[in-house]
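Colleague: One structure coming up, written as structure tokens, with questions to follow.
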Amino acid sequence: MQRPCGILRHMVRTLSHPGSSYDTLVAGAGPAGITCALEAASNGSRVLIVDSSSLPRDKSCGGMLNEYSQSFLAPFGEMPPELVLEPTYVHFRYHDWDRSIRKPTELRFLNVSRPGFDDWLLRSLPDNVDVVSSAPVVGFEQDDREVRVRLKLADGEREVTCSTLVGADGARSAVRRQLGIGGVSTYVTLQDYCRIDGEIEPFFDCIYIRDIGDSFGYGYVVPKGDVAIVGAVFYPKTRRPHERQERFLEILRDRLPLGQSTKREASVALYLRSPQDVVPGQGRVLLAGEAGGFISPTSGEGISYAMNSGRLAGRAIAAAHNGTTPLSLFSEATADIRANIVRKLRWLPFMESDWGKYLAGFVPSFVVSRITKGL
Ligand SMILES: Cc1cc2nc3c(=O)[nH]c(=O)nc-3n(C[C@H](O)[C@H](O)[C@H](O)COP(=O)(O)OP(=O)(O)OC[C@H]3O[C@@H](n4cnc5c(N)ncnc54)[C@H](O)[C@@H]3O)c2cc1C
């Protein structure tokens, strides 16, 4: 069973009300926001992190940590073993369902509980970071000296000032929207948690099926203890995605021992199409993680991009001094990530085409493995 990590829950030190002035205010307590807060606070400055959800939050996710994601974990200390689910490691596998072709790759993921993972990251923040739960950023104004941020609290709105605001508020970033620098459309994602009634192979299967229609991007199955996450990614504006998800489950059950679904989650993920979708910020406002467009457009893998861009945003804030702004340092530091995303965007038309998905079935496994590594 995917454990909600009860031991870790309720241990986050959260305030019900923030102070009125901080060096840095981070909107969003996901991996981008937490990593940013940790780095920004490393010089002893005062940091506030707020989240619109009540914490610990439960982000819909496969909880698959690639090796690059794992490389960002050292500053958080040792990961509690109870966050890791069975099987501990799973390899990514391309699966053309209609032709029964499976191409295992060398890409290996650590299999974690996503709610527990985020909670653990949050609890690792130092004392100079204040954490406020259920407090969405609802607006802000910036000038040469500061940013005045409006938070919605249970008892009304409250203004907090800061030198730098970081929008790490995910795929539907309110901070980015208010900057007016281009919203990005989003995939619709659905995930079911199905009991495993038998043996299931220890792979992170990425499944292509033609029978569900053109709006179906791909699906995936990943075992998590005694449940399997069965997810599907639909193109923006897909109508009746729940019906399509039911069809997907029905087809899979013909060959996989998937029992009843105990939970279904609906969420969104960025549908990056152009290099302009990746934006580091504006003025005194930085954008990290999905809010800034930092996610793999080809694989939907986003935790490493969130932690990497969050870390660089926090470092830019801590390092800025007279003459350099956090934004100029952050833009420079994220140039490589943008180049990586631009390169991946070139693959997208091929990967999303019927012939691209078809051809992958003929490519030898070691080549699929090599290509997937670059994606
Ligand atoms: C179904 C699904 C499965 C996925 N599986 C994987 C996977 O297996 N591996 C992987 O690497 N990636 C996966 N991803 C992608 C990954 O989850 C995201 O890219 C990653 O969580 C982005 O991190 P983030 O910190 O930028 O944003 P998020 O994790 O989305 O965090 C943003 C936070 O901001 C908060 N927020 C929103 N609005 C406001 C506001 N106005 N004020 C304050 N707070 C606000 C939200 O409550 C949220 O807590 C998956 C995504 C989806 C949708």
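Colleague: Given H placed on each backbone N at 1.01 Å, which residues far from Ile101 in sequence or on other chains put an amide H within less than 5 Å of it?
Modeller: Here the answer is Asp96, since their amide H atoms fall under 5 Å of that of Ile101.
Colleague: Figure the gain on full extension for Thr161 and Ala335 (residue separation times 0.36 nm, minus the Cα-Cα span) and round it to one decimal in nm.
Modeller: 59.7 nm
Colleague: Here is a follow-up. Taking amide hydrogens as modeled 1.01 Å from N in the peptide plane, which residues meet the under 5 Å criterion relative to Ser134, leaving out close sequence neighbours?
Modeller: Asp51, Ser53, Ser54, Leu55
Colleague: Springs between alpha-carbon atoms under 10 Å, Gaussian network over the chain: tell me which of Leu110, Leu270, Leu287 tops the mean-square fluctuations.
Modeller: Top of the fluctuation ranking is Leu110.
Colleague: Suppose every Lys and Arg Cβ carries +1 and every Asp and Glu Cβ carries -1, with no other charges. What dipole size does the chain come out with about its Cα centre, to the nearest 20 debye?
Modeller: 580 debye
Colleague: Any chance you could list P(r) for region 237-375, counting all Cα-Cα pairs in 10 angstrom bins from zero, rounded to whole %?
Modeller: 10, 28, 29, 21, 9, 2, 0
Colleague: What are the ³J(HN,Hα) values, in whole Hz, obtained from phi via the Karplus relation 6.51 cos²θ - 1.76 cosθ + 1.60 with θ = phi - 60°, for each residue of region 16-22 in sequence order, with x given for Gly and Pro?
Modeller: Each residue of region 16-22 in turn: 8, 9, x, x, 9, 8, 9 Hz.
Colleague: Another one. Let's test this: bin the Cα-Cα distances of region 132-201 at 10 Å from zero up to the farthest pair and state each bin's percent.
Modeller: Going from the shortest bin to the longest, the percentages are 15, 35, 22, 13, 10, 4, 0.
Colleague: If you don't mind, another one. Name the long-range amide H neighbours of Thr186: under 5 Å, sequence gap of 5 or more, or other chain; modelled H, no Pro or chain starts.
Modeller: So Thr186 has HN proximity to Tyr271.
Colleague: Among the lysines in the chain, how many pairs, 8 or more places apart or on different chains, have alpha carbons under 24 Å apart?
Modeller: Lysine pairs satisfying the spacing and distance rule in the chain number 16.
Colleague: About its Cα centre, what dipole magnitude does region 143-238 give when the only charges are +1 on Lys and Arg Cβ and -1 on Asp and Glu Cβ, stated in debye to the nearest 20?
Modeller: For region 143-238, the charge dipole is close to 500 debye.
Colleague: What is the helix-to-structure angle for 241-253, meaning the angle in degrees between its Cα long axis and the longest Cα principal axis of the chain, kept from 0 to 90 and rounded to the nearest 10?
Modeller: That helix lies at roughly 40 degrees to the long axis.
Colleague: So what is the diffusion coefficient of the chain in µm² per second by Stokes-Einstein at 4 °C and 1.567 mPa s, using a Kirkwood Rh over Cα pairs?
Modeller: 61 µm²/s
Colleague: I've got another one for you. Taking all pairs of distinct Cα atoms, average 1/r, flip it, and tell me the Kirkwood hydrodynamic radius of region 233-299 in Å to one decimal place.
Modeller: When all Cα pairs of region 233-299 are included, the Kirkwood radius is 15.1 Å.
Colleague: Normalized C-alpha radius of gyration of region 18-135, against 2.2 N^0.38 Å?
Modeller: The value comes to 1.29.
Colleague: Moving on to the next point. Taking the Cα centre of each part, how many Å lie between region 56-124 and region 296-366?
Modeller: Measuring centre to centre over Cα atoms gives 18 Å.
Colleague: Select from Cys162, Ser134, Ser331 the residue farthest towards the positive end of the dipole of the chain; place +1 on Cβ of Lys and Arg, -1 on Cβ of Asp and Glu, and compute about the Cα centre.
Modeller: Sorting the options by dipole projection puts first Ser331.
Read-outs: derived from the displayed coordinates by stated rules, not from any lab. All of these numbers come straight from a predicted model, not from anything done at the bench. We place every Cβ from the backbone using ideal geometry, glycine too, and count neighbours over all the protein chains shown.
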